[in-house]
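*Asks:* First the structure, then my questions, so here it is.
What follows is calculated from the coordinates using simple rules that are stated; it is not laboratory data. Keep in mind that what you see is a predicted model, and the values were worked out from it rather than measured. Cβ atoms come from the backbone with ideal geometry, glycine included; neighbour counts cover every protein chain shown.
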Amino acid sequence: NVDNAYVESIGGVVGMFRGGSLTGCESNGSFVIGATKADSRLGGIAGYIQNRSGKKLTMSGCTNNATIDLTASATNLSTVAGVVGMAHHQDFETEVSGCYNKGQISVSSTGNINIGGVVATYGAAQTAVFRFYDCHNQAPVSCVNLESTTAFLNVTTYIGGVAGTYLQHKEAGQG
């Protein structure tokens, strides 16, 4: 259970993963999130992966069985996913393969949010080799955005059974 306005990355196995390999990890139980820091990341296996090792980062054969329940009092949690909340480039090879989400994801949000069965947000620079493959979501993903009035038209929510958003960053000068 998390009800802390200062938590940035939450994972069933690791909050922040920056290099090496995770293989055959499993997360069970449940996450109940009441409040977190704005722009936080939550993943059933890893909250945030960002390759800074200079070597290939790999995550393979990991399974999230835990249910994820983000309650109405949490605002501006940017990413929620069954396996990886956010995966971001650092110009080094990153590969996530053979991972499964089998835990239900339920979100009631009052802010901008990305939700994915496997990964909520991922992206890479054009110089990075960044792969997600053979990953599967086998559980329901649902969201109720509590800011549905016209006073909150700038609230953005992206939801995907596998991925919420993919960002392809361009190098400077490439337009």
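*Asks:* Report, by chain and number, residues whose modeled amide H sits under 5 Å from the one on R131, excluding near sequence neighbours (fewer than 5 apart, same chain).
*Replies:* T94, E95, V96
*Asks:* Determine ³J(HN,Hα), in whole Hz, for all residues of region 21-32 in sequence, where each value follows from phi through the Karplus function 6.51 cos²θ - 1.76 cosθ + 1.60 and θ = phi - 60°; x replaces Gly and Pro.
*Replies:* Along region 21-32, the couplings run 9, 10, 9, x, 6, 9, 10, 10, x, 7, 10, 10 Hz.
*Asks:* Each residue of region 54-64 in turn: what ³J(HN,Hα) in whole Hz from Karplus with 6.51, -1.76, 1.60 and θ = phi - 60°, glycine and Pro shown as x?
*Replies:* Values per residue, Gly and Pro as x: x, 10, 5, 9, 10, 10, 9, x, 9, 9, 9 Hz.
*Asks:* In nm, to one decimal, how far is the modelled label at S60 from the one at L167, with both set 7 Å along Cα→Cβ?
*Replies:* About 2.8 nm, to one decimal.
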